[in-house]
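Data first, discussion second: the structure below is written as structure tokens.
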């Protein structure tokens, strides 16, 4: 894949996830530093876990871009605070965009490292959903990935669509766009039609 396109996906995904984390932190009345930490954890959490498992230095440790991008997201939320905090759909929009684009970048980096495709799907899912888990833990919420709502599964299905696109010979950029579109579409449909996975019940339920 063209490195510029991958960088664009990385930038938009980082900004979107940072905004989603900071927005939720502001709703919980965190101070500026606390909100920045939540936004940064959301933006880099999944990718950090991916890089550690791939045996490479975490991406943000060699490039200050991610720290700066999170600061930009903090300023963005401060400027548009009333609009972002009051509307839940704005959080959902940014979270969904970040989820989709980070799934793409996670898969691409894993494939470039020489790992098989099934590993790329796992790493793409981790990159997309991992930051959201850290965000929810920091704001004292049950992580979205563990609730009934379809979240990480959309990353898996997006990864499978990427694999099918490769088998069909699609151009890498078109394939990445397909993967992101599938993740976004599944998230939108799941929320609109309240599609949920079955709940594991306890002994007394």
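The values are calculated or read from the model by the stated rules, or taken from the named source; none is laboratory data. Because the structure is predicted, anything quoted here is derived from the model rather than measured. All Cβ positions, glycine included, derive from the backbone under ideal geometry; neighbour counts span all protein chains shown.
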Handout entry: Selected residue [in a helix (DSSP H, G or I) and closer than 21 Å to residue 122 by Cβ] from 34, 21, 39, 45
Key = 45
Exercise for the section: Taking residue 157 as the residue in question, decide whether it is touching a helix residue (DSSP H, G or I) at 6+ places or on another chain (Cβ under 9 Å), more than 19 Å from residue 13 (Cα to Cα) and outside any loop (DSSP other than H, G, I, E, B). Expected result: no
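Among the residues of the range 113-154, write down those that are over 23 Å from residue 42 (Cβ atoms) and either in contact with a strand residue (DSSP E or B) (Cβ under 9 Å, 6 or more places away or on another chain) or in a helix (DSSP H, G or I) (or both).
Listed by number, the residues that qualify are 117, 118, 119.
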Practice task
Could you tell me whether any residue of the range 47-54 is farther than 19 Å from residue 106 by Cα and free of Cβ contacts under 8 Å to residues at least 24 places away in the same chain?
Solution key: no
Handout entry: Filter pass, residue 183 being touching a strand residue (DSSP E or B) at 6+ places or on another chain (Cβ under 9 Å) and touching a residue at least 40 places away in the same chain (Cβ under 8 Å)
Key = no
Practice task
Those residues that are without any contact (Cβ under 8 Å) to a residue 12 or more places away in the chain and farther than 23 Å from residue 21 by Cα, I need them from the range 86-121; list them, please.
Solution key: 111, 112, 114, 116, 118, 119
Exercise for the section: Can you tell me which residue among 101, 111, 188 is crowded, with 19+ Cβ neighbours inside 10 Å and closer than 26 Å to residue 77 by Cβ? Expected result: 101
Problem - Qualifying residue in the range 65-82 (condition: surrounded by fewer than 13 Cβ atoms within 10 Å (Cβ to Cβ), under 15 Å from residue 109 (Cβ atoms) and at pLDDT below 95) - result: no
